[in-house]
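Visitor: Dropping the structure in here first, questions after.
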Amino acid sequence: MKKLPKLGFLYLDYVLRFFDNSNFKGWPDKIEKVVYHWKNDKERFIKEIKKKKIDVLIGNIPATAYDTFVEISKELPNVRFVPSIQSQFSNKSKENVTMFCKKHNLSIPKTKIFYEKEKGLKYLKHKASYPQIIKRSYGPSNYGGYYVHKVNNYNEAEKLINKKKYNPIYTQDAINLKDNGDIRVMLIGHKPVCAFWRYSGKNQWITNTSQGGHMSYNNVPMNALELAVKASKAAKAEYWACDIAICEKTGKAFILECATAFAAFPYIRDWIGQYLMWDFTKGKFKIPHVPIYSWEELGKIDSKLLRTMRHIGFSKYKPSSDGEFIKNDTENFDMEKVCESFYKDFPNNIVETRLELSKYFDKNKKAEEKQLKKLNLNNASLTDIMTLQSMQEELAIEIHEFIQENIITDSTDLLELEAIDEQMLKCWDNNLCDMRVDINNINSEMLLKIKGIGKKLAKIILEYKKEIGKFETLDELENIEGIGKRKLSQLKSRFKIGE
């Protein structure tokens, strides 16, 4: 094999990491790791890329760093960003999704964007049909519907906009959803590799699983797949995801969201790694074979197991000698290499508006942070967990399942989950409250769910509590035989004296 390109993983402090070496199983050379540290790190970061002689930089860029990485990519013209900076254009905002879809004639709901509040309210009062879907355009969007709202009349719309102060006002005609659900399609090399319906929960309209909805892998219509492929090719995206609505009345497919980043199952990240190795080596590595509609079979696997499965493969069909005919995958859905992206692929942008909006967001950043309540993970819903920065649906579900069996007294308890690291916890800590347990309000069942407390210790703590009636200070724990200073220090991180 000829000399391979030098690969590097792009990581950012406090941001969920999509890829590691295990996703690129078999790659013979060392894969470098580079971390962008935010703020004034651009020059240092560029120097590190050059010093390590990286040819391909692999990693998704969050919306808040997108503009900076556009500048970085211009300083590194010989470095290939995967996914390309151009294909991540839509990650930046809802506005960018609309601009992308309009440029490439992709079907979307009727959408209006207003930078002047009065014009937006005038449209909503006199011209809009209801219900309308109003979204926050800029900033994190993966909050399980936290910034997506349905309004049934003008009064609701005006009240929402005055309260949320969204700028611009981004509003869409609500699609009458078939079966009250939408479809998530994930693609690699423009081929759908996973697709499923997301149905809203009881008395809910948002289809996120974090809102109590459920999933089904069956009967995904072909026009949803075709629209997703069309969008993927327009974006020139190595991997891609679309949320698609099917109109109940007409059966027409509409793009609701699209982006390069998605909460992929581990096995899909493995497929992405295989595909990229095939691409980087001009076919020397084997391209993954993923049959169309294979998700219907994978969807039969228990979701807890499916979220842990790795390196799933499928044998390629070969006709039997007796001449039996089985329909192969259609040619339109074969994986293929992605065309090179150029800056001309961007839709026209409004620089002045972006500068104004950036000032607006900086000014109101602290106010928005206050809107997100401090969480106690032990009683948090899936929707609550989704509000944590860079949270993905699959990880939120994993955390929610974990807290059913464990009591979390400190965020570091979550390090037992493979997908979580210390950088993520630092990012979340400001949004978490004191989760220590009131030692005067405990029972045996609760104690056994706390990390580091076994049956013996739980028993002697409860016996001592019964003897004294009530703890006045946590230092009293040292009076219990077997609890020394070291153990006392550990218990102080688990317990508190309630008010």
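The values are calculated or read from the model by the stated rules, or taken from the named source; none is laboratory data. On a predicted model such as this, the values are computed, not experimentally measured, just so you know. Here the Cβ is made from the backbone with ideal geometry for all residues, glycine too, and neighbour counts use every protein chain on show.
Visitor: Does the range 264-289 hold any residues that are of a type outside the set (Ser, Thr, Tyr), over 23 Å from Leu395 (Cα atoms) and either surrounded by fewer than 21 Cβ atoms within 10 Å (Cβ to Cβ) or in the same structural domain as Ala419 (by TED's automatic domain parsing) (or both), and which are they?
Guide: Within the range 264-289, Trp278, Asp279, Phe280, Lys282, Gly283, Lys284, Phe285, Lys286, Ile287, His289 qualify.
Visitor: Tell me, which helices (runs of 4 or more DSSP H) wholly within the range 371-486 include 2 or more residues that are within 28 Å of Tyr267 (Cβ to Cβ) and at pLDDT 85 or above?
Guide: Passing ranges, in order: 393-405, 422-429.
Visitor: Quickly run through the range 53-93 and pick out the residues that are exposed (fewer than 14 other Cβ atoms within 10 Å of the Cβ) and either assigned to a loop (DSSP other than H, G, I, E, B) or of a type in the set (Gly, Ala, Ser) (or both).
Guide: Across the range 53-93, the qualifying residues are Lys53, Pro77, Asn78.
Visitor: Please state which one of Ser73, Ser84 is in contact with a Ser or Thr (Cβ under 8 Å, 6 or more places away or on another chain) and of a type in the set (S, T, N, Q). First the steps, then the outcome.
Guide: Details: Ser73 fails: in contact with a Ser or Thr (Cβ under 8 Å, 6 or more places away or on another chain).
When all the criteria are applied, what remains is Ser84.
Visitor: Could you give me the residue pairs with C-beta distances under 6 Å whose first residue belongs to the range 50-70 and is assigned by TED's automatic domain parsing to the domain that holds Asn23 and closer than 19 Å to Gln392 by Cα, whose second residue is of a type in the set (Gly, Ala, Ser) and in a loop (DSSP other than H, G, I, E, B) wherever it lies, and which are 6+ apart or on separate chains?
Guide: Close Cβ pairs satisfying both conditions: Asn60/Ala261.
Visitor: For Lys94, indicate whether it is touching a strand residue (DSSP E or B) at 6+ places or on another chain (Cβ under 8 Å), closer than 30 Å to Glu336 by Cβ and basic (Lys, Arg).
Guide: Working: touching a strand residue (DSSP E or B) at 6+ places or on another chain (Cβ under 8 Å): yes; closer than 30 Å to Glu336 by Cβ: yes; basic (Lys, Arg): yes.
Answer is yes for this residue.
Visitor: Return a yes/no flag: does the range 326-335 have any residue that is modelled with pLDDT of 85 or more and not acidic (Asp, Glu).
Guide: Yes, some residue in the range 326-335 is modelled with pLDDT of 85 or more and not acidic (Asp, Glu).
Visitor: Only one of these is under 26 Å from Ile385 (Cα atoms) and among the hydroxyl-bearing types (Ser, Thr, Tyr): Thr473, Thr412. Name it. Spell out how you get there, then give the answer.
Guide: Numbers: Thr473 fails: under 26 Å from Ile385 (Cα atoms).
Answer to the check: Thr412.
To keep it simple, each residue is scored yes or no on (1) at pLDDT below 90; (2) in a strand (DSSP E or B); (3) surrounded by 18 or more Cβ atoms within 10 Å (Cβ to Cβ).
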site	(1), (2), (3)
Tyr146	yes, no, yes
Lys150	no, yes, no
Ala157	no, no, yes
Lys163	no, no, no
Ile175	no, no, yes
Asp179	yes, yes, no
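Visitor: Yes or no: the range 450-460 includes at least one residue that is without any contact (Cβ under 8 Å) to a residue 24 or more places away in the chain, under 20 Å from Ile407 (Cβ atoms), in contact with a helix residue (DSSP H, G or I) (Cβ under 7 Å, 6 or more places away or on another chain) and surrounded by 14 or more Cβ atoms within 10 Å (Cβ to Cβ).
Guide: Yes, there is a match, as at least one residue in the range 450-460 is without any contact (Cβ under 8 Å) to a residue 24 or more places away in the chain, under 20 Å from Ile407 (Cβ atoms), in contact with a helix residue (DSSP H, G or I) (Cβ under 7 Å, 6 or more places away or on another chain) and surrounded by 14 or more Cβ atoms within 10 Å (Cβ to Cβ).
Visitor: Looking at Gly452, Gly482, can you tell me which residue is on the phi > 0 side of the Ramachandran plot and under 36 Å from the mean Cα position of the chain (by Cα)?
Guide: Working: Gly482 fails: under 36 Å from the mean Cα position of the chain (by Cα).
None of the other options fit; the residue is Gly452.
Visitor: Only one residue in Tyr170, Tyr154, Tyr123 is aromatic (Phe, Trp, Tyr) and out of contact with any helix residue (DSSP H, G or I) (no Cβ under 6 Å at 6 or more places or on another chain), so which one is that?
Guide: Details: Tyr170 fails: out of contact with any helix residue (DSSP H, G or I) (no Cβ under 6 Å at 6 or more places or on another chain); Tyr154 fails: out of contact with any helix residue (DSSP H, G or I) (no Cβ under 6 Å at 6 or more places or on another chain).
It is Tyr123.
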